[in-house]
Every structure is written in C-alpha cells, then in structure tokens.
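Worksheet: one structure, shown below.
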Amino acid sequence: MSRQLELGSGTPTTVNTERGPIAALQAGPADGTPVLLVPGFTGSKEDFGPLLDPLAAAGLRPVAIDLPGQFESAGPDDPGAYSTDELGAWVRGAAAALGGRVHLVGHSFGGLVGRAAVLADPAAFASFVLMDSGPAALAGPRAERIALLGPHLPTLGVAGVYQASEAAAAAEPGYVPPPPDLAAFLEKRFLAGSAAMLQGMGDALLAEPDRVAELAGAGVPLLVIYGAADDAWPPSVQDEMAERLGAPVVVVPDAAHSPAVENPPATAAALLEFWQR
C-alpha cells in the first residue's frame, strides 16, 4: 500500500461544527490534547495519515479533516464561500468542537486558511504550524496551472479538469506516475470534490494577500516547516516568512511539498519537539 494510504489507527469520524459537519480521521486518547490538521487545495484528511499514529503515541489526539467541498465533506455551492476567511470560520468551528486551544497545522493552502482562523481568534489556538505554506498568493508553475484550468471548469466539469491537470503534470520534466493504488485514490478524491470548491479555493489561492505582519502580532507560538525540495512556495520565500514571523524553521529532508507522507518520521519528530518546547 502506498504510504499516503497508510492511516494506522486513524478512524473515520465527523466533527460537528456550528456551520455543519466535517469529515475527519482521528486517533489517540479521547482526553489527549487535540491537534487539528488542515489540508491544502485538492487535498484531504488522508494527506496526514502517516502522522496519526506517531502523534497519538505521544498522547495527543490528532484530527485530520476534509475542508468543506473536499472529498467526504459537503460544502456550499457558491465559490465565494471558499475564501480563506470563510474556510477559517469552519476551522474555528472545528477547533471549538474539539474543545478549543488546539494545536493547528495547516498544509499549503490549508496554512492560509489556518492563518485566517488564527487571526480571527488567536485565543482558540495553542500553537500554529505552517507546513509548506507561504506568506501570500501562490506563484510559479502550480499557480499557472490553476489559472489556466480554472476558467475551463464550467465547460470541462470536475472530471475534465482532472484529466487536463493530469496530462499537464505528466508532461513536466521528471514526472513519476503514482503507484496504481494511490492513483486510483487521487482520482476518486478529486472527482468527489465540488466544482464550487475547486473554483473558490483556486481563486483564493491565487489572490491571498500578505498577512505575515498580522500573524506575527497575534501572540500564538508559530513554526514554519517544509520539505527540502518543496516546489510550491520556494524554500527561500518560506525562510523569509519565518524570519518576519520570528518563528523557528524546520527543513524536512527527503521531502518536497508533502513531508507528512514523504518523510513522516522526521515530520512527526519536528512537530512533537515544537509542541513539547
């Protein structure tokens, strides 16, 4: 089985927020300190699967979610409902449902969403980890692909955009296709997402302003962590963000944009050290 599909003791659950239910995976003791794990654009709770057991073994209660419109979480039909502020309100609701004062981890676009949640209510979070995320809107090849495919969503539909996206990825130098079981899951996950979510999150990802100064003043302990070969926000951009935040930086070796699945032992160790400190 591909590493991304290894969920360990993670069990499906539902986090009931005041806005509605959110699909989740959870592990660890019921009385453990909650860790809320928020995925990125086109991602899902499974992106954190390999971290669930290491965090649970440390006595924590990790809860990884699908944001509204992603995979197994239903979401609004209005693309405007997927701004970082709107999604941040869902994250705040999930934190409240877990008992508040959670450790928050946001991966990629999930880091921008998590930032909005923290800025709206810093007291709800014991700490905030930006994982392979950035200070503002995404740029570079990944952003170009989103900008190129987004306008075709109404005509191609979700399935058509998936096919076009896969074709574009396969044409890139050094492309390595995923194993069959992972490829099947990634297709299933993408096709389960709503068109409004893809449009709204894509728009938000390309338009996010720089709010680093606001986050630096929020008074929440921060960590910046990324894979050494991250190809979304360049490592230099994340290093500069961390400096502006006054936050420590951890570079995960043998990892790119998804260290939670590419090098889970090093990622889990860095998170645990940060929280214990």
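For Ala229, are the conditions met, namely being more than 22 Å from Val118 (Cβ to Cβ) and under 18 Å from the mean Cα position of the chain (by Cα)?
On the way: more than 22 Å from Val118 (Cβ to Cβ): yes; under 18 Å from the mean Cα position of the chain (by Cα): yes.
So Ala229 passes the test.
Just to verify a result, which residue in the range 103-123, among those that are outside any strand (DSSP E or B) and open to solvent by 10 Å² or more (accessible area, probe 1.4 Å), is farthest from Leu138 (Cα to Cα)?
First, the residues of the range 103-123 that are outside any strand (DSSP E or B): 108-123.
Next, only the ones that are open to solvent by 10 Å² or more (accessible area, probe 1.4 Å) stay: 108, 119-123.
Numbers: Ser108: 9, Leu119: 20, Ala120: 22, Asp121: 24, Pro122: 24, Ala123: 28 Å.
Taking the candidates together, the pick is Ala123.
Looking across Val38, Val63, Val15, one residue alone is over 23 Å from Asp203 (Cβ atoms), within 13 Å of the chain's Cα centre (by Cα) and in contact (Cβ under 8 Å) with a residue 24 or more places away in the chain. It is Val63. Residue-level analysis places Ala242 among those that are out of contact with any helix residue (DSSP H, G or I) (no Cβ under 7 Å at 6 or more places or on another chain) and either at pLDDT 95 or above or farther than 30 Å from Leu5 by Cα (or both). Across the range 1-36, the qualifying residues are those that are of a type in the set (Ser, Thr, Tyr) and open to solvent by 50 Å² or more (accessible area, probe 1.4 Å), and the one among them that is farthest from Ala81 (Cα to Cα) is Ser9. Scan the range 47-68 for residues that are over 18 Å from Gly111 (Cβ atoms) and either open to solvent by 10 Å² or more (accessible area, probe 1.4 Å) or part of a loop (DSSP other than H, G, I, E, B) (or both) and the total you get is 9. Applying the selection to the range 69-82, what residues are surrounded by fewer than 19 Cβ atoms within 10 Å (Cβ to Cβ) and either free of Cβ contacts under 8 Å to residues at least 40 places away in the same chain or within 16 Å of Leu205 (Cβ to Cβ) (or both)? Scanning the range 69-82 gives Gly80, Ala81. The set of residues in the range 154-169 that are among the aliphatic types (A, V, I, L, M) and open to solvent by 20 Å² or more (accessible area, probe 1.4 Å) comprises Leu156, Val158, Ala159, Ala164, Ala167, Ala168. The set of residues in the range 133-176 being within 26 Å of Val113 (Cβ to Cβ) and outside any helix (DSSP H, G or I) consists of Ser133, Gly134, Pro135, Ala136, Ala137, Leu138, Ala139, Gly140.
Is it fair to say Glu86 is closer than 16 Å to Met131 by Cα, in a helix (DSSP H, G or I) and either open to solvent by 20 Å² or more (accessible area, probe 1.4 Å) or at pLDDT 95 or above (or both)?
Values: closer than 16 Å to Met131 by Cα: no; in a helix (DSSP H, G or I): yes; either open to solvent by 20 Å² or more (accessible area, probe 1.4 Å) or at pLDDT 95 or above (or both): yes.
No.
The values are calculated or read from the model by the stated rules, or taken from the named source; none is laboratory data. These figures come from a predicted structure and were not determined experimentally. Don't worry about glycine lacking a Cβ; one is built from the backbone with ideal geometry, like all the others, and counts go over all protein chains shown. To get the accessible areas, we keep the full protein, side chains included, count just its heavy atoms, and leave off ligands, DNA and RNA. Shrake-Rupley method; radii C 1.70, N 1.55, O 1.52, S 1.80 Å.
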